[in-house]
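Quick notes on the structure that follows.
The values are calculated or read from the model by the stated rules, or taken from the named source; none is laboratory data. Here the structure is a predicted model, which means the values were calculated and not measured. Ligands, DNA and RNA are stripped out before the accessible areas are found, and what is left, the full protein with its side chains, is counted by its heavy atoms. Shrake-Rupley method; radii C 1.70, N 1.55, O 1.52, S 1.80 Å.
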Amino acid sequence: MAVGMAAYVIFPLLSAEAVGGPVPTDVTVLGDLKRRRLVVYDNLKDLEFEFQSGKIAREDYEALRTNYLGEAAGLMAATQEAELLKQDDAVVEREIAARRLQRKTPPQIEYECSACGYENPLPVKFCGECGARIAAPGKK
Ligand SMILES: [Zn+2]
């Protein structure tokens with residue numbers, strides 16, 4: 001069970017990033033999460049090595065390993081979340097762009113008083129100039 005979990009957590013780390021090389025210095029959230037996953041992975045490798053060569057006790061090894069795996073799992077969850085947020089951002093940006101296009105037509109004055117012609121700047125029930133009832137927007 002524990003071994004299966006470990007394989008599950010580490011496998012995505014191994015797949016693309018085990019080649020080594022310089023740690024990327026992205027400043028994006030996703031880049032930063034990736035860099036931190038690489039660091040955790042390096043720590044795990046070091047830990048494995050130190051345990052194999054008898055430098056640390058099994059207890060310490062297992063405690064540290066659990067920590068690192070938990071950290072790696074947390075970072076991966078955060079990465080997935082950040083990727084989802086990125087998609088959300090794209091959707092929101094498209095939405096905003098679409099609304100900007102629609103807004104090019106100047107807004108109609110909805111609260112112009114039909115009695116005196118005063119253009120009330122705010123949604124009001126009664127004209128600020130003469131006190132006449134203002135028709136609700138769209139009911140003209
Ligand atoms: Zn009026």
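General remarks:
- For region 25-61, filtering for residues that are assigned to a helix (DSSP H, G or I) and of a type in the set (S, T, N, Q) leaves 2.
- For region 31-72, filtered to residues that are among the small types (Gly, Ala, Ser) and open to solvent by less than 50 Å² (accessible area, probe 1.4 Å), the residue that is nearest to residue 86 (Cα to Cα) is 31.
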